[in-house]
Amino acid sequence: MGNDWKLVLSALIVAFILVFFIANPVLINSLTTTFDAENVKTYVLSFGVAAPVIFILLHILQTVVAPIPGAILVIAGGLIWGAYLGTLLSVIGAFTGSLICFWLSRTLGRPFVEKFAKKEDLEFTDKFFQKYGIPAIILLRLIPLMAFDVISYGAGMTKMDFKKYATATLIGMIPSTLFYSYIGFTIGDNSLIAIILAIAVLVVFFLMGTIRRLLLK
């Protein structure tokens, strides 16, 4: 694969510069100081007609290199464009980022991955993917047991087929992405369904640790 990975990293750096340094510095400061759905909305919409492209780039960066909460981005997408278009844009960005993570992991190996993921998380993916294979990818995309990028990097270190990984990732991520996008869509109206969804998110996050321990046994 030669120097292909260098081209990928170079493209990511260019994307990073595009997203974070050509916008209004005040908006950048607001985004990085308090990263919430409303700030993301303000920042993304400041790019006008290019807003969808910037949003997708943010998702790619979040997935590959940046310590940004992915769920906040998805919720912001629903807040800006509604549940369905927000879901589509989030899926395009996060899915592209997941493929880049997988490819970088497979190309550069474990020393590279360990710079982005905790040792205990990689031990989890090693055991889980070895035991369950492709179904594990679908499950981990459906249930947020760990960071999106860790799953992608971990899968890249296995012998998992790339096409099967991509298919499983897409299948697994669509329901959860639609769920968070819908939260964003309903977040402004204070409706009962928005409150119920918010409570559901809290319950899921509360149960994640228990589910993870059970899956490791």
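The values are calculated or read from the model by the stated rules, or taken from the named source; none is laboratory data. Computed from a prediction, not measured in an experiment: that's the story for all the values here. For neighbour counting, all protein chains shown are included, and Cβ atoms are generated from backbone atoms with ideal geometry for every residue, glycine included.
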Restricting attention to the range 86-103, does a residue exist that is assigned to a loop (DSSP other than H, G, I, E, B) and touching a residue at least 12 places away in the same chain (Cβ under 8 Å)?
no
Can you say whether Ala147 is more than 16 Å from Val65 (Cα to Cα) and among the hydrophobic types (A, V, I, L, M, F, W, C), as far as the supplied structure shows?
no
Where residues in the range 57-94 are surrounded by fewer than 22 Cβ atoms within 10 Å (Cβ to Cβ), under 14 Å from the mean Cα position of the chain (by Cα) and modelled with pLDDT of 90 or more, which of them is farthest from Gly156 (Cα to Cα)?
Leu88
Are any of the residues in the range 132-154 among the acidic types (Asp, Glu) and in contact (Cβ under 8 Å) with a residue 40 or more places away in the chain?
yes
With respect to Ala23, is the statement that it is modelled with pLDDT of 60 or more and hydrophobic (A, V, I, L, M, F, W, C) true?
no
